[in-house]
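Undergrad: To start, I am sharing the structure in question, which I have written as structure tokens.
Taken together, the values in this text are just the output of simple stated rules run on the coordinates, not laboratory data. Quick caveat, the model's predicted, so the values are computed rather than measured. Backbone-built Cβ (ideal geometry, glycine too); neighbour counts: all protein chains shown.
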Amino acid sequence: MTKINVPLLDLVAQYQEIKPEMDAAIQRVLDSGHFILGPEVAAFEKETAAYLSVAHGIGVASGTDALLLALRALEIGPGDEVILPAYTFFATIGTVLHVGATPVLVDIDVQSYCINIEQTRAKVTSATKAIIPVHLYGQAAEMDALTEIAREHDLSIIEDNAQAFGAEYKGRKTGGISDIGCLSFFPSKNLGGYGDGGMIVTNNLELAEKIRMLRAHGWKKKYFPEILGYNSRLDALQAAVLRVKLQHIDRWNDGRRKVAHVYSKALTDTPNLKTPYEAPNRKHVYHLYILQMKNRDQVQEKLKEAGIGTSIYYPQPLHLAEPCRELGYTEGDFPVTEKASRETLAIPVYPEMTAAQIEYVIDVVKRSI
Ligand SMILES: *Cc1c(COP(=O)(O)O)cnc(C)c1O
């Protein structure tokens, strides 16, 4: 078999496809001389909120800051508990620790890799203030059940939608389903900028106004802070880049889904290999295409030798991360999470992949298991 190089992601190929409009958008910002917030950011906030069918979008410096400011806006702090899955990117828990609240971890669901509903329900106490479901790998968490738990106990839900821009749950766009949605525009995300960026979306005007203050030193009127805020603003160049990309996101997400479905059809009956589960009432946008297998490290090595890029999301569960040590968790607490961290592997999935590349990845995976 001839070797074909297949990187995990190809942002250069994506840029080449939209180069004229992208170059024009960047030039427009350079010509305007306006680089932080301003009309470009305001337009992008409006367009994103409309896309997600929410009232307000507030551009911030990163997805991590989106989570941080969301927690601050909800006045979550010391003494408060926040329930979140043990298997996600570190920012989901790091921001909870930063505001001084206590993260309460639960395991993930075996099929979807999203937050386990029964455990979430069982972990609610009188100190619980919020749940942070993560729409991991591009598929929505079980939002109806979470909404019910939240209503019953008067909790807020903060959707970590960093990996699922354009995903749907029962026909509704994720990020816009709960009180607050947090978006990341990190370059590798489905809607990625050319640098860091993030956004908070909400239907709640009061929260939106507070977040607008929090992102700019806590002031409405310049130099007169009313609350303790941050410097966490989206810049105009990123907004211009993202406005161009927003025009293409549905086509790109469909392209990801097509690649994923070819993979799944070809690999689903392979022994000792688990392909992604796609819930029937959800639109999975395949931020990552995740395979699970016992001999993961060996398979990763074989794919590498064959020129195929892979990555592990995530090699360490949150409860075993050093900054979480004082929470008192130990190995064995979250078996599904721990198994996933040992056995999952992301393989290339992006709309620019050629048929030859897709076939090649399938062949090499089959031979490597
Ligand atoms: C990427 C990511 C974040 C953080 O986003 P940044 O823009 O990199 O700060 C948060 N949560 C999840 C699940 C992510 O994948």
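Undergrad: With r as the distance between the Cβ atoms of residue 333 and residue 144 and R0 = 22 Å, compute the FRET efficiency 1/(1 + (r/R0)^6) and round to 0.05.
TA: Efficiency, rounded to the nearest 0.05: 0.25.
Undergrad: Calculate the length of the line joining the C-alpha centroid of the range 199-217 to that of the range 250-275, in whole Å.
TA: 38 Å
Undergrad: Moving to a separate point now. If you take the square roots of the eigenvalues of the alpha-carbon gyration tensor of the range 13-246 and sort them as a ≥ b ≥ c, do you get rounded (a/c under 1.5), prolate (a/b over b/c) or oblate?
TA: It is oblate, given that a/c is not under 1.5 and a/b is not larger than b/c.
Undergrad: Let me ask another. Quick one: 3J(HN,Hα) in Hz for the range 348-357, Karplus 6.51/-1.76/1.60 with θ = phi - 60°, rounded, Gly and Pro as x.
TA: Residue by residue, the range 348-357 yields x, 8, 7, x, 7, 4, 8, 4, 5, 5 Hz.
Undergrad: Nearest 0.05, what FRET efficiency do residue 295 and residue 172 give at R0 = 41 Å with Cβ-Cβ as r?
TA: Efficiency for this residue pair is about 0.60.
Undergrad: I would also like to ask the following. Can you put 330, 270 in order of Cβ neighbours within 10 angstrom, beginning with the fewest?
TA: Ranking 330, 270 by Cβ neighbours within 10 Å, fewest first, gives 330, 270.
Undergrad: Calculate, for residue 227 and residue 205, the FRET efficiency according to 1/(1 + (r/R0)^6) with r their C-beta to C-beta distance and R0 25 Å; round to the nearest 0.05.
TA: The value I calculate is 0.90.
Undergrad: Follow-up question, since we're still on this one. Distance from the Cα centre of the range 11-38 to that of the range 156-184, in angstrom?
TA: The two parts, judged by their Cα centres, are 27 Å apart.
Undergrad: Could you put 367, 233 in order, starting from the residue whose Cβ has the fewest other Cβ atoms within 10 Å?
TA: Starting with the residue having the fewest Cβ neighbours, the order is 367, 233.
Undergrad: Tabulate in residue order the Karplus-calculated ³J(HN,Hα) for the range 142-151, using 6.51 cos²θ - 1.76 cosθ + 1.60 with θ = phi - 60°, rounded to whole Hz; enter x for Gly and Pro.
TA: 6, 5, 4, 5, 5, 4, 5, 4, 5, 5
Undergrad: By DSSP, what percent of the beta bridges with both residues in the range 13-246 are antiparallel, rounded to the nearest 5?
TA: 55 percent
Undergrad: Let's see if you can work this out: charge +1 on each Lys and Arg Cβ, -1 on each Asp and Glu Cβ, no other charges. What is the dipole magnitude of the range 249-368 about its Cα centre, in debye to the nearest 20?
TA: So the dipole magnitude of the range 249-368 works out to roughly 400 debye.
Undergrad: Another question about this same structure. What lysines does residue 304 reach when the alpha-carbon gap must be under 29 Å and sequence neighbours fewer than 8 apart in one chain are set aside?
TA: Counting by Cα, and skipping residues close in sequence, residue 304 has these lysines nearby: 3, 189, 258, 265, 274, 294, 339, 366.
Undergrad: Suppose a student asked you for the relative contact order of the chain, using Cα pairs under 8 Å spaced at least 6 residues apart; what percent would you report?
TA: So the answer I get is 22 percent.
Undergrad: Please build a GNM for the chain, connecting alpha carbons under 10 Å apart, and tell me which residue among 198, 309, 33 fluctuates the most.
TA: 33
Undergrad: Right, here's the next one. Return the long-range amide H neighbours of residue 333 (sequence gap of 5 or more, or a different chain), with a cut-off of under 5 Å between placed amide H atoms.
TA: none
Undergrad: Using the Cβ atoms and a cut-off under 10 Å, what net charge is assigned to the surroundings of residue 129, where Lys and Arg are +1 and Asp and Glu are -1?
TA: -4
Undergrad: From the Cα gyration tensor of the range 247-369, with a ≥ b ≥ c the square roots of its eigenvalues, which class applies: rounded if a/c is under 1.5, or else prolate if a/b is larger than b/c, or else oblate?
TA: In terms of gyration-tensor shape, prolate.
Undergrad: Could you work out the longest stretch of the chain that avoids the GluC sites (Glu not before Pro) located in DSSP loops with at most 14 other Cβ atoms within 10 Å?
TA: Of all site-free stretches, the longest is 76-225.
Undergrad: Please turn the phi angles of the range 294-310 into ³J(HN,Hα) values with the Karplus equation 6.51 cos²θ - 1.76 cosθ + 1.60 (θ = phi - 60°), one per residue in order, whole Hz, x for glycine and proline.
TA: Each residue's phi maps through the Karplus curve to give 5, 9, 3, 5, 5, 5, 4, 5, 5, 5, 4, 4, 7, x, 9, x, 9 Hz.
Undergrad: Same structure again: If we count every other residue with Cβ under 12 angstrom of residue 109's Cβ, Lys/Arg +1 and Asp/Glu -1, where does the sum land?
TA: Neighbourhood net charge equals -3.
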